[in-house]
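Enquirer: Here it is, the structure in full.
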């Protein structure tokens, strides 16, 4: 898990509290039928944005759950699902999303903007070369 500090506004010459954006990455080996379990883990660990690999979802799109928006890019619908990437973004940061680029079933880019920063978050899936086929 990675954490990044962002800027908070001062009030009465004192910082109220640190704004922390929590990133994670997770090879989940299939999002299908494990979506609620996966999102519960993210919420329990207070993860704001998580790059997910090997989701095995088909097509491209977005799914809204209670606390997270899941943006995914996978293989074509008629193809056997064996790869795929996604990004889970907590409700708090969904309004900061500007562009979702579905590059391929192995690369997804989400561009976000805050008051002071522009973020390009990339989820990439690259299987091992020596993995048995």
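The values are calculated or read from the model by the stated rules, or taken from the named source; none is laboratory data. Source: prediction; values computed, not measured. Cβ coordinates were reconstructed from backbone atoms using ideal geometry, including for glycine residues, and neighbour counts include every protein chain displayed.
Yes/no matrix, rows are residues, columns are (1) over 22 Å from residue 20 (Cα atoms); (2) free of Cβ contacts under 8 Å to residues at least 12 places away in the same chain; (3) not in a loop (DSSP other than H, G, I, E, B):
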position: 47; (1), (2), (3): no, no, no
position: 50; (1), (2), (3): no, no, yes
position: 55; (1), (2), (3): yes, no, no
position: 61; (1), (2), (3): yes, yes, yes
position: 69; (1), (2), (3): no, no, yes
position: 72; (1), (2), (3): yes, no, yes
position: 79; (1), (2), (3): yes, no, no
position: 82; (1), (2), (3): yes, no, no
position: 89; (1), (2), (3): no, no, yes
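Enquirer: Hey, any hits in the range 14-26 for a residue that's out of contact with any helix residue (DSSP H, G or I) (no Cβ under 6 Å at 6 or more places or on another chain), farther than 24 Å from residue 113 by Cβ and at pLDDT 90 or above?
Expert: Yes, because at least one residue in the range 14-26 is out of contact with any helix residue (DSSP H, G or I) (no Cβ under 6 Å at 6 or more places or on another chain), farther than 24 Å from residue 113 by Cβ and at pLDDT 90 or above.
Enquirer: Every residue in the range 44-62 that is over 28 Å from residue 128 (Cβ atoms) and loosely packed, with under 15 Cβ neighbours inside 10 Å, please. Can you show your working first?
Expert: Quick first cut of the range 44-62, residues over 28 Å from residue 128 (Cβ atoms) only: 44, 46, 48, 62.
Hits for the range 44-62 are 44, 46, 62.
Enquirer: Something else about it: Residues of the range 76-91 being at pLDDT below 90 and surrounded by fewer than 19 Cβ atoms within 10 Å (Cβ to Cβ), which ones?
Expert: 76, 77, 78, 79, 80, 82
Enquirer: Checking the condition modelled with pLDDT of 90 or more, surrounded by 15 or more Cβ atoms within 10 Å (Cβ to Cβ) and under 12 Å from the mean Cα position of the chain (by Cα), which residue from 68, 102 passes?
Expert: Details: 102 fails: under 12 Å from the mean Cα position of the chain (by Cα).
After applying the criteria, what remains is 68.
Enquirer: Report, ordered by the first and then the second residue, all pairs with beta carbons closer than 6 Å, sequence separation of six or more or different chains, a first member in the range 18-41 that is more than 21 Å from residue 73 (Cα to Cα), and a second member that is surrounded by 15 or more Cβ atoms within 10 Å (Cβ to Cβ).
Expert: 21/48; 22/47; 22/48
Enquirer: Taking residue 38 and the conditions (1) touching a helix residue (DSSP H, G or I) at 6+ places or on another chain (Cβ under 6 Å); (2) part of a helix (DSSP H, G or I), which numbered condition does it fall short on, given that it satisfies the others?
Expert: So residue 38 meets the others, but not (1).
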